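Engineer: The structure follows.
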Amino acid sequence: MKASREKIRNIGISAHIDSGKTTLTERILYYTRRIHTVHDVKDGRGPTMDFMELEKERGITIQSAATYCFWKGHEINIIDTPGHVDFTIEVERALRVLDGGVLILCAVGGVQSQSITVDRQMKRYGIPRIAFINKCDRIGANPDRVLNQMREKLDPNAVFVQLPLGLERNFQGVIDLIKMKAYTFEGPLGEEVVEREIPPEYMEEAIMKRDELLDAASLFSDELTEAILEERVEEALIHDAIRRGVLSLKLTPVFVGSAYKNRGIQPLIDGIVHYLPSPLDVSVQAFDLNRDEAPVELVPDDDKPLVMYAFKLEVSPYGQLTYFRIYQGKVRKGSTLVNMRTGQKAKVGRLGRMHASDMEEIEEASAGEIVVLFGIDCVSGDTFTDGQVRYSMASMYVPAPVISLAIKPKSKEGHTKISKALNRFVKEDPTFRAYVDEETGDTIISGMGELHLEVYLERMRREYGIDLETSPPQVAYRETITKRAYFDYTHKKQTGGAGQYGRVAGYIEPLEEGEYEFESRLTGGVIPKEFIPSCDAGFRACLSKGTLAGCPIVGVKVVLEDGAYHPVDSSDLAFKQAAIGAFRSIYLKAKPILLEPVMKVVVEAPSEFQGAVLGTLTQRRGAIISTSEDGTYTTVEAEVPLAEMFGYATVLRSATQGKGEFTMEFLRYSPVPTNIAEEIIKERRKNSP
């Protein structure tokens, strides 16, 4: 079965951790008859989309998983993404290739820290979305409060298209504000949708909320406005107006339900079909490499030259497979692809579609589809074409890792295995880095947080049988300069015959935004133009390691104002060495300081522990940004240096009797207080050979 292009929906399901994303995906697959039994996060076997053993054990989603299903003649391609901030790259790359999104919010927790992060990611990629307030059966559920939080923190144009029929233990179903009918869900797993009249006690609120919905939707449709005035509103007009609002990113329709209790899922699938875009509704640009990267609009048309984007790599039981989104043209078994980054050609051997960890082989795929290919040598973010055009697509945003760990295999055989494992993981996950420290010889792995690295260490033990020793996590400190310093440096070397000569003069100064900037203000040919890039390369080479604490240097602007050359002895190498010598000679005069990663930390705990939570954060040099109390729970937002956050999970658990939880994400680099910086510098100098 294959749907026409206007009936394809490529969607991502995103939310704060533990909001019910994977449970919702499991129910969607069940009601669309893609699976025939339901497994939950806590039932031991784990849901369909969490197929890694680690995911089943921990009850969390670690990597995004793709699947597809059919509903009322529409094909829905779904990517279920992790909620934990340590695996944020999985959300980034999913949103990079999807057309629409479902944002899930907990009816009790409301808009939580990761909800805001996911919202920001959706806005970055211009993703139209609908929202689903889940867990309406839980004690403390309050969808009205969640909607108000959405309007304050995420989207002022969020509006109910449904109301809950009862709440907490009395949650029975939903009230549809478009049809003005109530729906309950009968049968063991809510398969049977029963339509009934709205009970009288809910009618007044339903009429009021329907008026709100019509007011919001009528902004996007003159026909609906006229129909409201003439009191002849039809369902189709409302659907059309809401769809226009969603596609323009100016309206978020809000659905309600309980995925775990099987209530409200079928109407949500209807909402996905009604309101989220097809590939035809989305504007996608590539850059024409033959015309100085001029923007060009991609058209989801099978007859156009093929353009497809690799967004995820994975080593599976079938071998290495690459997930692709096809934006234009058609791909078939046996056809030839060209990697626009490397120019290498590859033949399409096996072509398939994924359902979690299972693959279904297909002969061909068209624009708008998400497919997997085997044995393609590439990295995440590569663009492939059929060779008729030279187009490249914008790469995804990849946050920099903030935490590092030194690892060492306990046995000699482990060295070969560790290299194989790290090569695979680095290729699969752009936020996971691995390198060998030239000075210490240690293998260093870097990632987005303790859980991120913990998961990869566990995977090395299980999948490769490597027994590892680890040393304490290292924070990714940086150095920067605080004042302008002038240089005038001559590199001169005579070795018999042609020597080396280059003189550079100018200054370095702090750069407000960005890591490095080079500017040449040379006039009169004091340094030939062909040597200026070498000066730039020399200065850039100094940034990898500062002399203050051996950390990478950021926030530096170099201005080249003068210099001199020798007609025989000057060369690229001479000017590169001159720049290196100049930078090193004046770096300390520019008053370098140490920078540390500061994290945005959000702690949620019962209100009775508020004082204890604030204490745990202030003891860690945390700056409290806000505290808010929502019924029985308190949310504390703080900015805390990463160096102080190691082991915080254990401390928080003891301070809140196991009831507190926190999320943490990188915020910015900030200067380290002088007394602490001195200790760090002393320690790092002592440990460097």
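Engineer: Kindly list the number of the only condition in (1) over 20 Å from residue 673 (Cβ atoms); (2) in the same structural domain as residue 493 (by TED's automatic domain parsing) that fails for residue 550.
Structural biologist: (1)
Engineer: Which one of 202, 260, 275 is in the same structural domain as residue 31 (by TED's automatic domain parsing), free of Cβ contacts under 8 Å to residues at least 40 places away in the same chain and among the hydroxyl-bearing types (Ser, Thr, Tyr)?
Structural biologist: 202
Engineer: Consider the range 189-227. How many of its residues are within 20 Å of residue 249 (Cα to Cα) and of a type in the set (Phe, Trp, Tyr)?
Structural biologist: 1
Engineer: Okay, next question. Taking the condition within 30 Å of residue 571 (Cα to Cα), at pLDDT 85 or above, more than 23 Å from the chain's Cα centre (by Cα) and not assigned by TED's automatic domain parsing to the domain that holds residue 641, does residue 505 pass?
Structural biologist: Answer is yes for this residue.
Engineer: Continuing with the same structure: Out of (1) without any contact (Cβ under 8 Å) to a residue 40 or more places away in the chain; (2) outside any loop (DSSP other than H, G, I, E, B), the odd one out for residue 513 is which?
Structural biologist: Residue 513 satisfies every listed condition except (2).
Condition check ((1) assigned to a strand (DSSP E or B); (2) surrounded by fewer than 18 Cβ atoms within 10 Å (Cβ to Cβ); (3) assigned by TED's automatic domain parsing to the domain that holds residue 76) across all residues:
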{"residue": "349", "(1), (2), (3)": "no, yes, no"}
{"residue": "353", "(1), (2), (3)": "yes, no, no"}
{"residue": "360", "(1), (2), (3)": "yes, yes, no"}
{"residue": "365", "(1), (2), (3)": "yes, no, no"}
{"residue": "368", "(1), (2), (3)": "no, no, no"}
{"residue": "371", "(1), (2), (3)": "yes, no, no"}
{"residue": "376", "(1), (2), (3)": "no, no, no"}
{"residue": "380", "(1), (2), (3)": "no, no, no"}
{"residue": "388", "(1), (2), (3)": "no, yes, no"}
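Engineer: Could you list, in sequence order, all residues of the range 278-308 that are in contact with a helix residue (DSSP H, G or I) (Cβ under 7 Å, 6 or more places away or on another chain) and either among the hydroxyl-bearing types (Ser, Thr, Tyr) or under 22 Å from residue 372 (Cα atoms) (or both)?
Structural biologist: Of everything in the range 278-308, those that are in contact with a helix residue (DSSP H, G or I) (Cβ under 7 Å, 6 or more places away or on another chain) and either among the hydroxyl-bearing types (Ser, Thr, Tyr) or under 22 Å from residue 372 (Cα atoms) (or both) turn out to be 278, 279, 280, 300.
Engineer: Only one of 341, 291, 243 is of a type outside the set (Asp, Glu), free of Cβ contacts under 8 Å to residues at least 12 places away in the same chain and out of contact with any Gly (no Cβ under 7 Å at 6 or more places or on another chain); which?
Structural biologist: After applying the criteria, what remains is 291.
Engineer: If you don't mind, there's one more thing I want to ask. Do the conditions hold for residue 224, that is, is it in contact (Cβ under 8 Å) with a residue 24 or more places away in the chain and assigned by TED's automatic domain parsing to the domain that holds residue 24?
Structural biologist: Answer is no for this residue.
Engineer: Now for a different question. For the subset of the range 534-550 comprising residues that are in contact with a Leu (Cβ under 7 Å, 6 or more places away or on another chain) and not in a helix (DSSP H, G or I), which member is nearest to residue 572 (Cα to Cα)?
Structural biologist: The residue in question is 547.
Engineer: Which ones in the range 368-379 are at pLDDT 85 or above and in contact with a Gly (Cβ under 6 Å, 6 or more places away or on another chain)?
Structural biologist: Of everything in the range 368-379, just one residue is at pLDDT 85 or above and in contact with a Gly (Cβ under 6 Å, 6 or more places away or on another chain), namely 372.
Engineer: Let me ask something else about it. Looking at the range 456-468, can you tell me whether even one residue there is more than 30 Å from residue 290 (Cα to Cα) and without any contact (Cβ under 8 Å) to a residue 40 or more places away in the chain?
Structural biologist: For the range 456-468, residues more than 30 Å from residue 290 (Cα to Cα) and without any contact (Cβ under 8 Å) to a residue 40 or more places away in the chain: present.
Engineer: If residue 114 meets every condition in (1) at pLDDT below 75; (2) part of a loop (DSSP other than H, G, I, E, B); (3) touching a strand residue (DSSP E or B) at 6+ places or on another chain (Cβ under 7 Å); (4) not small (Gly, Ala, Ser) apart from one, which number is that one?
Structural biologist: (2)
Engineer: For the condition among the hydrophobic types (A, V, I, L, M, F, W, C), in contact with a helix residue (DSSP H, G or I) (Cβ under 7 Å, 6 or more places away or on another chain), surrounded by fewer than 18 Cβ atoms within 10 Å (Cβ to Cβ) and free of Cβ contacts under 8 Å to residues at least 60 places away in the same chain, what is the one hit in 605, 612?
Structural biologist: Selected residue: 612, the only one of 605, 612 that is among the hydrophobic types (A, V, I, L, M, F, W, C), in contact with a helix residue (DSSP H, G or I) (Cβ under 7 Å, 6 or more places away or on another chain), surrounded by fewer than 18 Cβ atoms within 10 Å (Cβ to Cβ) and free of Cβ contacts under 8 Å to residues at least 60 places away in the same chain.
Engineer: Let me ask something else. Determine which single condition residue 532 fails, assuming it passes every other condition in (1) buried (at least 20 other Cβ atoms within 10 Å of the Cβ); (2) touching a Ser or Thr at 6+ places or on another chain (Cβ under 7 Å); (3) more than 30 Å from residue 404 (Cα to Cα).
Structural biologist: Of everything listed in (1) buried (at least 20 other Cβ atoms within 10 Å of the Cβ); (2) touching a Ser or Thr at 6+ places or on another chain (Cβ under 7 Å); (3) more than 30 Å from residue 404 (Cα to Cα), residue 532 misses just condition (1).
Engineer: Identify, from the list 360, 293, 364, the residue that is more than 22 Å from the chain's Cα centre (by Cα), farther than 21 Å from residue 424 by Cα and modelled with pLDDT under 85.
Structural biologist: 360
Engineer: Further question on the same structure: What single numbered condition from (1) over 22 Å from residue 4 (Cβ atoms); (2) part of a strand (DSSP E or B) fails to hold for residue 342?
Structural biologist: (2)
Engineer: Now a separate question. For the range 552-562, which residues satisfy the criterion of being out of contact with any helix residue (DSSP H, G or I) (no Cβ under 8 Å at 6 or more places or on another chain) and buried (at least 20 other Cβ atoms within 10 Å of the Cβ)?
Structural biologist: 555
Residue-by-condition table, conditions (1) under 30 Å from residue 294 (Cβ atoms); (2) basic (Lys, Arg):
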| position | (1), (2) |
| --- | --- |
| 388 | yes, no |
| 407 | no, no |
| 413 | no, no |
| 416 | no, no |
| 421 | no, no |
| 424 | no, yes |
| 430 | yes, no |
| 443 | no, no |
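Engineer: Has the range 305-313 got at least one residue that is more than 28 Å from the chain's Cα centre (by Cα) and in contact (Cβ under 8 Å) with a residue 24 or more places away in the chain?
Structural biologist: The answer is yes, given that some residue of the range 305-313 is more than 28 Å from the chain's Cα centre (by Cα) and in contact (Cβ under 8 Å) with a residue 24 or more places away in the chain.
Engineer: Oh, and also: Just wondering, is there one or more residues in the range 447-465 that are over 18 Å from residue 547 (Cα atoms), of a type in the set (A, V, I, L, M), at pLDDT 85 or above and surrounded by fewer than 19 Cβ atoms within 10 Å (Cβ to Cβ)?
Structural biologist: yes
Engineer: Hey, another quick one. If we keep just the residues of the range 563-575 that are among the hydroxyl-bearing types (Ser, Thr, Tyr) and under 16 Å from residue 505 (Cβ atoms), which is surrounded by the fewest Cβ atoms within 10 Å (Cβ to Cβ)?
Structural biologist: Taking the candidates together, the pick is 565.
Engineer: Give me the residue from the range 641-675 that is in contact (Cβ under 8 Å) with a residue 40 or more places away in the chain and of a type in the set (Val, Ile, Thr) and, out of that set, nearest to residue 449 (Cα to Cα).
Structural biologist: Here the residue is 663.
Engineer: Let me ask something else about it. In the set 121, 149, which member is within 26 Å of residue 401 (Cα to Cα), part of a helix (DSSP H, G or I) and outside the structural domain of residue 353 (by TED's automatic domain parsing)?
Structural biologist: 121
Engineer: Tell me which helices (runs of 4 or more DSSP H) are completely within the range 585-689 and hold 2 or more residues being at pLDDT 90 or above, or say none if there are none.
Structural biologist: 610-618, 674-687
The values are calculated or read from the model by the stated rules, or taken from the named source; none is laboratory data. These numbers come from a predicted model, not from an experiment. Heads up, the Cβs are rebuilt from the backbone with ideal geometry, glycines too, and the neighbour counts pull from every protein chain shown.
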